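This report refers to the structure that appears directly beneath it.
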Amino acid sequence: MMVLPAPAKLNLFLYITGRRDDGYHNLQTLFQFVDHGDSLSFATAPDGELTLSPPLPGVSPEQNLIIKAARLLQSKTGCTKGAHITLIKRLPMGGGLGGGSSDAATTLVALNRLWQLGLSTEQLARLGLTLGADVPVFIRGQAAFAEGVGDIFTPAHPPEPWYLVLHPDIEVATAAIFNDPDLPRNSPVLSLQQRLLLPWENDCEALVKKRHPEVAKLLGWLLEYAPSRMTGTGACIFASFDRREAAEEALAKAPEGVRGFVAKGCNTSPLFSALQQMNAASSSSNTAT
């Protein structure tokens, strides 16, 4: 049995710099992880069998990114092993926290190890990109400045404060936001150094607030406690605090029906940290033997 985290990410800023001929968008964003997310456990199964429990409501197993990631790994490597996978789902769907992408990344990393396939991080990241633009950043496990369609990464080291993350209990469809003609698509292309010196914003926020008044209302409430903005295409919003206690005090006063959590910003993914601990434990065991 192998148990690994699938952490959430925050887009500390997000700028849309243009629309490509293929319909995808060029962007600039700063990814950072937090020490809160889903959890997955993996156990080897015979004859290529893949199971996931419990099933996600409204998502067929074959459409679930976890199963798709496992099938992709089998097909690309010719592996005949299988896995029984158990998911503890903590991150909301359609929240902009990257839950599905993180689950897929953890699945690729875990099964590469469990099945002893020996693929490198870069090989896994290339596979992950076919599942979603955010998957590679979770596989690489380092905070990053992403450009292009989110596939060009520069390591970054933003501050690691405490975050209060709130979800207004709605789902926002990413495709609907990126296909909306009112989405701004003309932010200038700047270097990371230039971006870090400017106020951080999210080009999707105004449109999401217009389409979803619940997000606008919650942002207005959270602004009373700390500067806040939306992550990804929403619906989750976040604010940073110097002290955990201050973030928890704000969470305790959150409006009725709003879910949320307090978590520490991490420039190294909790998944990467868990793998390091597993490697250290394995080395210790081998040395003792």
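The values are calculated or read from the model by the stated rules, or taken from the named source; none is laboratory data. Not measured: the values here are computed from a predicted model. Every residue, glycine as well, gets a Cβ built from its backbone with ideal geometry; the counts of neighbours run over all protein chains shown.
What to note about this one:
- Selection from segment 23-52 of residues that are of a type in the set (Phe, Trp, Tyr) and over 30 Å from residue 201 (Cβ atoms): 42
- Any hit, segment 74-90, residues being more than 19 Å from residue 43 (Cβ to Cβ) and surrounded by 21 or more Cβ atoms within 10 Å (Cβ to Cβ): no
- Figure legend. Inter-residue proximity from segment 41-59: first residues touching a residue at least 24 places away in the same chain (Cβ under 8 Å) and of a type in the set (Gly, Ala, Ser), second residues outside any strand (DSSP E or B) and surrounded by 14 or more Cβ atoms within 10 Å (Cβ to Cβ), beta-carbon distance below 8 Å, spacing 6+ or different chains. Indicated pairs: 45/81; 48/74; 48/79; 48/81.
- Subset of segment 1-18 [farther than 17 Å from residue 107 by Cα and either out of contact with any Lys or Arg (no Cβ under 7 Å at 6 or more places or on another chain) or modelled with pLDDT under 95 (or both)]: 10, 11, 12, 14, 15, 17
- All of 206, 246, 216 fail the test of being surrounded by 14 or more Cβ atoms within 10 Å (Cβ to Cβ), touching a residue at least 24 places away in the same chain (Cβ under 8 Å), small (Gly, Ala, Ser) and at negative phi, apart from 246.
- Residues being under 14 Å from the mean Cα position of the chain (by Cα), outside any loop (DSSP other than H, G, I, E, B) and not aliphatic (A, V, I, L, M) - total across segment 148-175: 1
Residues are listed down the side, and each one gets a yes or a no for (1) in a loop (DSSP other than H, G, I, E, B); (2) within 15 Å of residue 137 (Cα to Cα):
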{"residue": "16", "(1), (2)": "no, no"}
{"residue": "26", "(1), (2)": "no, no"}
{"residue": "85", "(1), (2)": "no, no"}
{"residue": "97", "(1), (2)": "yes, yes"}
{"residue": "113", "(1), (2)": "no, no"}
{"residue": "116", "(1), (2)": "yes, no"}
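- Being closer than 26 Å to residue 176 by Cβ and either part of a loop (DSSP other than H, G, I, E, B) or at pLDDT 95 or above (or both) is a description that applies to residue 218.
- For residue 64: the one exception among (1) closer than 21 Å to residue 138 by Cβ; (2) out of contact with any Ser or Thr (no Cβ under 9 Å at 6 or more places or on another chain); (3) surrounded by fewer than 20 Cβ atoms within 10 Å (Cβ to Cβ): (3)
- Flag not set for residue 145, criterion: part of a helix (DSSP H, G or I) and in contact (Cβ under 8 Å) with a residue 24 or more places away in the chain.
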